[in-house]
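Below is one structure, written out as structure tokens; comments come after it.
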Amino acid sequence: MFEILEKKVWLAEEPRITELLVKAPEIARAQRAGQFVIVIPVAGGERIPLTIADKDAQTGTISLVFQEVGASTMMLGRLEKGQRIPHVAGPLGKPTHIEKFDGAVVCVGGGIGVAPIHRSLAR
Ligand SMILES: Cc1cc2nc3c(=O)[nH]c(=O)nc-3n(C[C@H](O)[C@H](O)[C@H](O)COP(=O)(O)OP(=O)(O)OC[C@H]3O[C@@H](n4cnc5c(N)ncnc54)[C@H](O)[C@@H]3O)c2cc1C
């Protein structure tokens, strides 16, 4: 079970955009940029993929930013701080190839995909 430590609603009008800070130490330690998790929001629910928008290996937390577009993302959005997500599996997917470049770097993202880019640049 994965405890929700914080919840923030970024966009209150539908479809809502919500961020959950979730305790998941092993995933936070192993995560690389561009990877995602598979979440089951409620016991017996369906599996949905969500990108890991941010992580903190020291506090053992990951951030999920998602748009509530259908049944499962709405169920996830109804969970509150202190409640637990039954299943979070990952990190999954091929990490983004990152190199050190001289000069300006342009990062391109779309929709909720901008959340991980914003977090990476904010650091
Ligand atoms: C690798 C990966 C990473 C992702 N990361 C993120 C992320 O970080 N954040 C994020 O917000 N999303 C992300 N997504 C998308 C996210 O997984 C989906 O939004 C989520 O699975 C939707 O599940 P749901 O049950 O809430 O919605 P669903 O019920 O699956 O509905 C999804 C959409 O389809 C429409 N729909 C459903 N059924 C029908 C129908 N019969 N006829 C017409 N329209 C229909 C719904 O209205 C809705 O707009 C990611 C997807 C992938 C593949």
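Bear in mind that the values in this text are calculations on the coordinates, not laboratory data. Being a predicted model, the structure only gives us computed values, none of them experimental. Quick reminder, even Gly has a Cβ in these numbers, built from the backbone with ideal geometry, and neighbours come from all protein chains shown.
Order of 102-112, 57-67, 88-98, 72-82 by packing, highest average Cβ count within 10 Å first? Numbers along the way, then the final one.
Details: 102-112: 7.9, 57-67: 18.4, 88-98: 13.9, 72-82: 15.5.
Ranking, from highest mean packing down: 57-67, 72-82, 88-98, 102-112.
Against the 2.2 N^0.38 Å scaling, with N counting residues, where does the chain land? I'd like the Cα-based Rg ratio to two decimal places. Don't skip to the end; give the middle numbers.
Values: Rg = 14.4 Å, N = 123, 2.2 N^0.38 = 13.7 Å.
It is 1.05.
Quick one: length gained pulling residue 87 to residue 67 fully straight, 0.36 nm per residue minus the C-alpha distance? Walk me through the intermediate numbers first.
On the way: separation 20, 0.36 × 20 = 7.20 nm, distance 1.89 nm.
Additional length available on full extension: 5.3 nm.
Using the basic label-point model (7 angstrom from Cα toward the beta carbon), what is the residue 100 to residue 75 distance in nanometres?
4.6 nm
Mind checking which lysines have their C-alpha under 21 Å from residue 23, skipping anything on the same chain fewer than 8 residues away?
7, 8, 55, 81
Along its principal axes, what span do the Cα atoms of the stretch 4-58 show, with the longest given first and each in whole Å?
Result, largest extent first: 34, 26, 21 Å.
When the chain is treated as a GNM, springs tying every alpha-carbon pair under 10 Å, which of 19, 68, 46 comes out with the largest mean-square fluctuation?
Highest fluctuation among the options: 46.
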